[in-house]
Amino acid sequence: MIEVQGRYVTFTPPSGAAYLMGDFTDWDEAPLPTTRPMTIEFPQGAYVEYAFLDANQQPMADSTNPQKPKNPWYDYHRSVTLPHNTFEAPPRPHTFRGKVSGHSIDSYVFERQRAYYVYEPPTPSVATLYVQDGEAFYHKLQLHEVVDALLEQEVIRPICLVLLEPHARTSEYWFNERYEAFLLEEMLPTVERFYGVTPERGLWGASLGGLVSAWLAWRNPHLFTKVATQSGCFTADPQGSNYYHDPEWLTQQFAASARRPLRLYVETGQIEWLLAPNRRFAAMLADKGYPHSYQERPSGHNWATWEQGLVSGLTYLFGM
């Protein structure tokens, strides 16, 4: 059971629960022992996702709370929204005027077929945006519809979306030069052969997808000039073993190298374990003079947080 009073949430564990976890504990990385009601303070208007663990640290849902996240990572996740929350559903077009096509490519780099989607705006594109975890951004957040709505409102310039789906997500997004070769040597030529070359290219991703997007742009600023990273895993290290605890290697590389011609949108949740690394990454961008926008939301490492960043990220990178 949960009780909400302003910024405070009291979690009363159900029968059999021994631990509480959520974005505020890095989920099962540091669960909180709980055999009695526990009160936690959150930012004003916070959106919180959580679950319990039994004595064997097996996950269990809060049977007293029917509120499931809109796009849960797991079925046992539950959510609670505090008073004064300002989250809004992103806009949808009155009439969808773009076009979405599904494709596959035989990758010699990965020696297997890869699927992807392409969204074409109703007018010629000025930029092509390559989106990591494209299946989720397409189906969960309907990124293509948000773009179409912003075009309808004349808020952004027309952009083409290439929504890419990984097979081995962690290894591909962890500073993987094979993934870089796949993108540069296979995807870019294929997309540009069929959809044309645009004046600009960009990269977008969340979590490890945000990390690899920033890394790829840092290595290839002659190809990519716009980057959006949502809850980027800036604790990853190329030689590391656990990307939640490694040194902030990419931030160090940005700081030590000459400023690239990049424009970046950076956001994170205020109750997730990656808050401080994202703040340090944004501070480094400010110190180096990178044009950037940094946003924090009263929520965690989840699709609800990232959905809230679609409009602001697209507007900052591709606004009129």
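If you take the residues of segment 60-69 that are in a loop (DSSP other than H, G, I, E, B) and of a type outside the set (S, T, N, Q), which of them is nearest to E152 (Cα to Cα)? Filtering segment 60-69 for residues that are in a loop (DSSP other than H, G, I, E, B) and of a type outside the set (S, T, N, Q), the one nearest to E152 (Cα to Cα) comes out as P69.
For (1) part of a strand (DSSP E or B); (2) over 18 Å from the mean Cα position of the chain (by Cα); (3) surrounded by 14 or more Cβ atoms within 10 Å (Cβ to Cβ), each residue gets a yes or a no:
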{"site": "N71", "(1), (2), (3)": "no, no, yes"}
{"site": "P83", "(1), (2), (3)": "no, yes, no"}
{"site": "E88", "(1), (2), (3)": "no, no, no"}
{"site": "I105", "(1), (2), (3)": "yes, yes, yes"}
{"site": "Q113", "(1), (2), (3)": "yes, yes, no"}
{"site": "V118", "(1), (2), (3)": "yes, yes, yes"}
{"site": "Y138", "(1), (2), (3)": "no, no, yes"}
{"site": "D148", "(1), (2), (3)": "no, yes, yes"}
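Say whether the condition of being out of contact with any Cys (no Cβ under 6 Å at 6 or more places or on another chain), charged (D, E, K, R), surrounded by fewer than 17 Cβ atoms within 10 Å (Cβ to Cβ) and without any contact (Cβ under 8 Å) to a residue 24 or more places away in the chain is met by at least one residue in segment 288-298. Checked segment 288-298: no residue is out of contact with any Cys (no Cβ under 6 Å at 6 or more places or on another chain), charged (D, E, K, R), surrounded by fewer than 17 Cβ atoms within 10 Å (Cβ to Cβ) and without any contact (Cβ under 8 Å) to a residue 24 or more places away in the chain. Inspection of segment 80-94 identifies at least one residue that is under 30 Å from Y117 (Cβ atoms), outside the structural domain of E296 (by TED's automatic domain parsing) and among the small types (G, A, S).
Taking the criterion of being aliphatic (A, V, I, L, M) and outside any loop (DSSP other than H, G, I, E, B), the residues of segment 150-163 that qualify are L150, L151, I156, I159, L161, V162, L163. Examine segment 184-192 for a residue that is assigned to a loop (DSSP other than H, G, I, E, B) and in contact with a helix residue (DSSP H, G or I) (Cβ under 9 Å, 6 or more places away or on another chain), and state whether such a residue exists. No, there is no match, as no residue in segment 184-192 is assigned to a loop (DSSP other than H, G, I, E, B) and in contact with a helix residue (DSSP H, G or I) (Cβ under 9 Å, 6 or more places away or on another chain). Within the option set P122, P166, being part of a loop (DSSP other than H, G, I, E, B), touching a Phe, Trp or Tyr at 6+ places or on another chain (Cβ under 8 Å) and in the same structural domain as T305 (by TED's automatic domain parsing) holds for one residue only, P166.
Among the residues of segment 90-103, the ones that are more than 23 Å from Q132 (Cα to Cα) and part of a strand (DSSP E or B) come to 0 in all. Here is the figure for segment 9-24: residues that are of a type in the set (V, I, T) and under 30 Å from the mean Cα position of the chain (by Cα) total 2. Condition first: in contact (Cβ under 8 Å) with a residue 24 or more places away in the chain, closer than 17 Å to D26 by Cβ and not β-branched (V, I, T). Can you find one or more residues in segment 254-266 that meet it? Within segment 254-266, none of the residues are in contact (Cβ under 8 Å) with a residue 24 or more places away in the chain, closer than 17 Å to D26 by Cβ and not β-branched (V, I, T).
All conditions in (1) buried (at least 18 other Cβ atoms within 10 Å of the Cβ); (2) free of Cβ contacts under 8 Å to residues at least 60 places away in the same chain hold for R279, with the sole exception of (1). Within segment 178-194, residues that are surrounded by 19 or more Cβ atoms within 10 Å (Cβ to Cβ) reach partners that are outside any helix (DSSP H, G or I) with beta carbons closer than 6 Å, at six or more positions or on different chains, in the pairs F182/S107; F182/V109; V191/V162.
When segment 169-183 is filtered for residues that are farther than 17 Å from A127 by Cβ and assigned to a helix (DSSP H, G or I), the ones remaining, listed by number, are R169, T170, S171, E172, Y173, E177, R178, Y179, E180, A181, F182. Here D75 fulfils each of the conditions (1) surrounded by 11 or more Cβ atoms within 10 Å (Cβ to Cβ); (2) among the charged types (D, E, K, R); (3) in the same structural domain as I40 (by TED's automatic domain parsing) apart from (1).
The values are calculated or read from the model by the stated rules, or taken from the named source; none is laboratory data. Keep in mind that this is a model prediction, so the values were computed, not measured. Using ideal geometry, Cβ is built from the backbone for each residue, glycine included, and neighbour counts are taken over all protein chains shown.
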